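Structure, as structure tokens:
The values are calculated or read from the model by the stated rules, or taken from the named source; none is laboratory data. Values in this document were obtained by computation on a predicted structure and should not be read as measured data. All Cβ positions, glycine included, derive from the backbone under ideal geometry; neighbour counts span all protein chains shown. Side chains included, ligands, DNA and RNA excluded: accessible areas come from the protein's heavy atoms. Shrake-Rupley method; radii C 1.70, N 1.55, O 1.52, S 1.80 Å.
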Amino acid sequence: FINNASSAADSDSDSHSGDMKPSTLIFLATLMGVIRIFISVFFSAISIAINRTVPATHRGTMNGLSVVGGSVSKALGPSVAGFLVAFCLSSGIFSPQSGSFVVFCIFGSMGLAVATATIFRLKEEDEDKDTTKTSSCPE
């Protein structure tokens, strides 16, 4: 898709069909740079948020668990996703078009499940804080 979109900008008529054009390379390098910047900002913000949510005595343990969780997900995520995509697209159970839809639905469902669990967990914590505040107030 990117090579086809950039072919209008490049007038190299003697390039081979599988070669990456300079405009494509610049676009992809810029895109990767922007993604890396946002990833750095995200992980910095999440580290600050984690440190603010736990008592000072438990920060080392929480930071350790956070790093382990991030490392495990970075190690297993591509393998699991690659297996799922390869299975859904080439197993013969699904056609490639419906297999790509199945992959999208699985990843979308996982994202929605995590978001829903997070929202319910945050509501439970807010309710617990509200009940402890009201029960600790002298009457």
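A few comments on the model shown:
- Applying the set (1) assigned to a loop (DSSP other than H, G, I, E, B); (2) at pLDDT 85 or above; (3) open to solvent by 70 Å² or more (accessible area, probe 1.4 Å) to Phe42 leaves exactly one unmet item: (1).
- Residue list for the range 47-72, restricted to those being open to solvent by 70 Å² or more (accessible area, probe 1.4 Å) and either in contact with a helix residue (DSSP H, G or I) (Cβ under 7 Å, 6 or more places away or on another chain) or part of a helix (DSSP H, G or I) (or both): Ile48, Arg52, Thr53, Ala56, Thr57, His58, Arg59, Thr61, Leu65, Val67, Val68, Val72
- Across the range 85-96, a minimum of one residue is classified as modelled with pLDDT of 90 or more and under 17 Å from the mean Cα position of the chain (by Cα).
- Restricting attention to the range 73-93 and to residues that are of a type outside the set (A, V, I, L, M, F, W, C) and not in a loop (DSSP other than H, G, I, E, B), the residue that is nearest to Ser40 (Cα to Cα) turns out to be Lys74.
- Restricting attention to the range 82-95, the residues that are out of contact with any Pro (no Cβ under 9 Å at 6 or more places or on another chain), among the hydrophobic types (A, V, I, L, M, F, W, C) and either free of Cβ contacts under 8 Å to residues at least 12 places away in the same chain or open to solvent by 50 Å² or more (accessible area, probe 1.4 Å) (or both) add up to 6.
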